[in-house]
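Below you'll find the structure, written out as structure tokens, and then a few comments.
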There are 2 protein chains.
Amino acid sequence: MKRAACHGLLPLFVRAVSTAAKVPTYDRRDGDNFLALSRTRTAEWWHDGRMSRVTCDLTISLDGFVAGPNQSLADPLGEGGELLHRWQFEEPESNTDALKGILAAGAYIMGRNMFAGPGRWDEDWRGWWGEEPPYHAPVFVLTHHPRKPLEMQGGTTFNFVTDGIESALTQARAAAGNKDVAIAGGAQAARQYLSAGLIDELRLHIAPIVLGAGERLLEGVTNLNLEPTEVSGTRLVTHVRYRVIR
Amino acid sequence: MKRAACHGLLPLFVRAVSTAAKVPTYDRRDGDNFLALSRTRTAEWWHDGRMSRVTCDLTISLDGFVAGPNQSLADPLGEGGELLHRWQFEEPESNTDALKGILAAGAYIMGRNMFAGPGRWDEDWRGWWGEEPPYHAPVFVLTHHPRKPLEMQGGTTFNFVTDGIESALTQARAAAGNKDVAIAGGAQAARQYLSAGLIDELRLHIAPIVLGAGERLLEGVTNLNLEPTEVSGTRLVTHVRYRVIR
């Protein structure tokens, strides 16, 4: 698609998820590194399966950045930012469950920049995600610019929401039924939902790198009470699931 | 001891370590929370037991702070900073190995502020740690002010090093024999050793809290290549052991 090359990681991400779904291998030898994904459950999960939760998956650096410095359309993750996602691209089969979890929701909410660049719509262009986005579910895009829903192949429909994050959540909940609603990113949307107390589970994927500068996930987010419920990881990532305590 | 009350957490820390050493219980029920400390090893540890490593244990918030804002002698961890250490004080028996690891070295190095407040020595005062500090080994204190070694009860001797971090490390290595050398803190000393490439293993204890401001562990530390080798945790902390790759 037009401009799709700007978001070079997305096809890789789709491939990673697709590979992970097919290869449920939890342990392997990789040279001298033993990659294990046994889990440590640190608190009983309260979810009883009856209620849709609001989840949010984000990959951050050890110093808390979701993107490196100097983000641009050509370099949406900023300098060094692509290193955050090595775990997805280099070892999808060791991170099967984390990758599947990212795409397990019944509806998604994303910031405008996750769908396309800023400004008024170029309606000839149907977003970063190509004709068959990996969501296979309704996606609600937060924007100031109205646009008609965009039906893609494979069950994904992009709906454009101009009246705020709570409206988007109400619509996403209705669309998700019994499944979860996922805040798909970016960091600004995640911060807005975290600050509003609207996220039930934050799943951080902590990459063992130091970016030094860029966009911080938790900048300005206060009054956040979290409880780790599960930790796991590989040599490229530490997965921590946090329940948000209210 | 004089002024010892200023560092109110230290007696608690000593008690926590002491409790942990006596109660090797890995799992317990705490209301609805199941606290487990089974481990996920994510990479083979290269340590073959023949060589002394340099380790560093630090507790940080989810947004990367080792202390909250407005640190002072009366409030050395800053506002909210004491919440970082709940895992040590409230559930020592669930964090036995992490606590024991902090005090397993054959020699320790600490910044001046970990031993006493700033400025010239008041030689009548023998530091925050009381007459029997928990180290039971030689401790090398980084300072600009010379002072004769201070022998305490239980095998701890404070040695004051005025000629820099490499000199302190050379002396600590000689004192540790086959055991590890631990950089005991604070964050400034840890940053200096990390930036100089002198730490082999960084053990982060990530508390599930957001401090929003304060002293950041990794501020200004670049060129740091890390590999997680083990993750574990409870509902109050996520332990990650990182090998520093050179």
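The values are calculated or read from the model by the stated rules, or taken from the named source; none is laboratory data. Please read all numbers here as calculations on a predicted model, not as lab measurements. Cβ: placed from backbone, ideal geometry, glycine included. Neighbour counts: every protein chain shown.
Listing for the model above:
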{"quantity": "Failed item in (1) within 28 Å of residue A:231 (Cβ to Cβ); (2) polar (S, T, N, Q); (3) within 17 Å of the chain's Cα centre (by Cα), with residue A:178 passing the rest", "calculated": "(3)"}
{"quantity": "Residue match in region B:174-194 (condition: closer than 30 Å to residue A:84 by Cβ and either without any contact (Cβ under 8 Å) to a residue 24 or more places away in the chain or within 12 Å of chain A (Cβ to nearest Cβ) (or both))", "calculated": "yes"}
{"quantity": "Residue count, region A:135-149 (criterion: in contact (Cβ under 8 Å) with a residue 12 or more places away in the chain and surrounded by fewer than 18 Cβ atoms within 10 Å (Cβ to Cβ))", "calculated": "6"}
{"quantity": "Residues (more than 9 Å from chain B (Cβ to nearest Cβ) and not hydroxyl-bearing (Ser, Thr, Tyr)) located in region A:195-209", "calculated": "A:196, A:197, A:198, A:199, A:200, A:201, A:202, A:203, A:205, A:207"}
{"quantity": "Residues of region A:48-70 that turn out to be surrounded by fewer than 17 Cβ atoms within 10 Å (Cβ to Cβ) and under 19 Å from residue A:218 (Cα atoms), as a count", "calculated": "2"}
{"quantity": "Candidates B:50, B:86, filtered to the one that is modelled with pLDDT under 95, farther than 21 Å from residue B:192 by Cβ and not hydrophobic (A, V, I, L, M, F, W, C)", "calculated": "B:50"}
{"quantity": "Entirely in region B:71-117, the helices (runs of 4 or more DSSP H) that have 2 or more residues that are surrounded by 17 or more Cβ atoms within 10 Å (Cβ to Cβ) and touching a strand residue (DSSP E or B) at 6+ places or on another chain (Cβ under 6 Å)", "calculated": "B:96-102, B:112-115"}
{"quantity": "Flag for residue A:165 being of a type in the set (Val, Ile, Thr) and away from every other protein chain (no Cβ under 14 Å)", "calculated": "yes"}
{"quantity": "Condition met for residue A:224 (facing chain B (nearest Cβ under 8 Å) and either among the polar types (S, T, N, Q) or free of Cβ contacts under 8 Å to residues at least 40 places away in the same chain (or both))", "calculated": "yes"}
{"quantity": "Output for region B:234-246, where each listed residue is more than 18 Å from residue B:194 (Cα to Cα), at the interface with chain A (Cβ under 7 Å from one of its Cβ atoms) and touching a residue at least 40 places away in the same chain (Cβ under 8 Å)", "calculated": "B:234, B:235"}
{"quantity": "Every residue from region A:210-221 that is touching a residue at least 60 places away in the same chain (Cβ under 8 Å), facing chain B (nearest Cβ under 7 Å) and in contact with a Ser or Thr (Cβ under 8 Å, 6 or more places away or on another chain)", "calculated": "A:210, A:212"}
{"quantity": "Matching strands (runs of 3 or more DSSP E) fully within region A:154-246 where at least 2 residues are closer than 15 Å to residue A:98 by Cα and out of contact with any Lys or Arg (no Cβ under 7 Å at 6 or more places or on another chain)", "calculated": "A:181-185, A:201-207, A:225-234, A:237-245"}
{"quantity": "Filter result for the condition that a residue is under 19 Å from residue A:51 (Cβ atoms) and either touching an Asp or Glu at 6+ places or on another chain (Cβ under 8 Å) or modelled with pLDDT under 95 (or both), over A:172, A:196", "calculated": "A:196"}
{"quantity": "Test: residue in region B:108-115 that is at negative phi and free of Cβ contacts under 8 Å to residues at least 60 places away in the same chain", "calculated": "yes"}
